Amino acid sequence: MSSSYTHVDLDNWERQQHFAFFKNFQQPYFNVCVSLRAEPLYDYCRTQQKSFFLAYLYLAHISAAEYWPMGLRIVDGRPVHCANPSISVVQLADDDTFRFSYLPLVQGFSEYCQQHGEAKTRALKQPLFSEGFAESEGRCDLIHVSVLPWLNFSAFSHATCEGNASGVPKLVFGQYDKGSGSMTLSLDVHHALMDGLHSGQFIGQLQQKFRDPQRYLTD
């Protein structure tokens, strides 16, 4: 798999000065941690016998693909845009370590579930430093997704290592609270590429999909 992107016209981009200001910060990412209303999605998945995990993963994936700023990255010091980002999502192995699996964006929840099952099986049969890891990690057209279903956290901090490409958004979903119907989401983005406004707009689009899951999860 190879990265696919187009260069942003920096001279005519409204964020030209913001990009120049933030791109060389020692720690240029910022984090927001929010509580999503997830009860409509959870109830829909329970009654329709669909995977809640795969449902919110799919909705996050299509939301990121639809929202243009979530495709922005930095390659060789220049802004680029990835139109169809893939997702790197962690999988828990039997020995309580994790592996990375990689999912391209496909239209249709059923096909997405099938792709995930195949990707999960491949990942768990291999060590962490697998061929898939070597081919995929470091690509700019990824979105990193982690899941902490054991914790209802209110803040999050990532381990970060930047290579030739940077600006990959990082999403972490927390525990679903059946009492309140809420679910924590942590979002990290690069401040040279996005501001708080953009984080809020992306999260708003995702929240809208959580409220109306049938529209997006019925093939």
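The values are calculated or read from the model by the stated rules, or taken from the named source; none is laboratory data. Source: prediction; values computed, not measured. Positions of Cβ are generated from backbone atoms using ideal geometry, with glycine treated the same way; all protein chains shown enter the neighbour counts.
Across the stretch 55-96, which residue is nearest to A38 (Cα to Cα) among those that are in contact (Cβ under 8 Å) with a residue 40 or more places away in the chain and in a loop (DSSP other than H, G, I, E, B)? Only one residue tops the list, namely Y67. Scanning the stretch 11-45 for residues that are within 27 Å of E137 (Cβ to Cβ) and either touching a Cys at 6+ places or on another chain (Cβ under 9 Å) or in a helix (DSSP H, G or I) (or both) yields F19, F22. Take K125 and tell me if it is closer than 26 Å to K209 by Cα, of a type outside the set (S, T, Y) and over 16 Å from the mean Cα position of the chain (by Cα). For K125, the condition - closer than 26 Å to K209 by Cα, of a type outside the set (S, T, Y) and over 16 Å from the mean Cα position of the chain (by Cα) - is not met.
Could you list, in sequence order, the residues of the stretch 125-146 that are surrounded by fewer than 18 Cβ atoms within 10 Å (Cβ to Cβ) and touching a residue at least 60 places away in the same chain (Cβ under 8 Å)? Result: E135, single match. Annotation note: of F129, F109, the sole residue that is in contact with a Phe, Trp or Tyr (Cβ under 7 Å, 6 or more places away or on another chain), at negative phi and aromatic (F, W, Y) is F109.
Residues that are more than 16 Å from A64 (Cα to Cα), assigned to a strand (DSSP E or B) and of a type in the set (D, E) are absent from the stretch 200-218 altogether.
When S186, S86, S157, S166 are checked against the criterion of being over 29 Å from F21 (Cβ atoms) and among the polar types (S, T, N, Q), a single residue qualifies: S86. Do we have any residue at all in the stretch 175-192 that's of a type in the set (F, W, Y), at pLDDT 95 or above and either touching a Leu at 6+ places or on another chain (Cβ under 7 Å) or under 27 Å from T6 (Cα atoms) (or both)? Within the stretch 175-192, not a single residue is of a type in the set (F, W, Y), at pLDDT 95 or above and either touching a Leu at 6+ places or on another chain (Cβ under 7 Å) or under 27 Å from T6 (Cα atoms) (or both). Against the numbered list (1) farther than 16 Å from R73 by Cβ; (2) modelled with pLDDT under 95, E137 comes up short only at (1). Set side by side, the residues T160, T218 differ, and just one is over 19 Å from A55 (Cβ atoms), loosely packed, with under 13 Cβ neighbours inside 10 Å and either in contact with a Phe, Trp or Tyr (Cβ under 8 Å, 6 or more places away or on another chain) or at pLDDT 95 or above (or both), which is T160. Considering the stretch 59-100, and only residues there that are out of contact with any strand residue (DSSP E or B) (no Cβ under 9 Å at 6 or more places or on another chain) and buried (at least 20 other Cβ atoms within 10 Å of the Cβ), the residue that is farthest from L128 (Cα to Cα) turns out to be S63. Counting residues in the stretch 112-124 that are free of Cβ contacts under 8 Å to residues at least 60 places away in the same chain and in a strand (DSSP E or B) gives zero. Looking only at residues of the stretch 97-107 that are assigned to a loop (DSSP other than H, G, I, E, B) and under 17 Å from A64 (Cβ atoms), we find that the one that is modelled with the lowest pLDDT is Q107. Selection within the stretch 1-10: residues that are aliphatic (A, V, I, L, M) and part of a loop (DSSP other than H, G, I, E, B). The member of this set that is nearest to G174 (Cα to Cα) is M1. Tell me, yes or no, whether the stretch 166-178 has at least one residue that is touching a residue at least 12 places away in the same chain (Cβ under 8 Å), of a type in the set (S, T, Y) and under 17 Å from L54 (Cα atoms). Scanning the stretch 166-178 turns up at least one residue that is touching a residue at least 12 places away in the same chain (Cβ under 8 Å), of a type in the set (S, T, Y) and under 17 Å from L54 (Cα atoms). Taking the stretch 101-110 as the search range and keeping residues that are among the hydroxyl-bearing types (S, T, Y) and crowded, with 17+ Cβ neighbours inside 10 Å, which one is nearest to L124 (Cα to Cα)? Per the criteria, the residue is S101.
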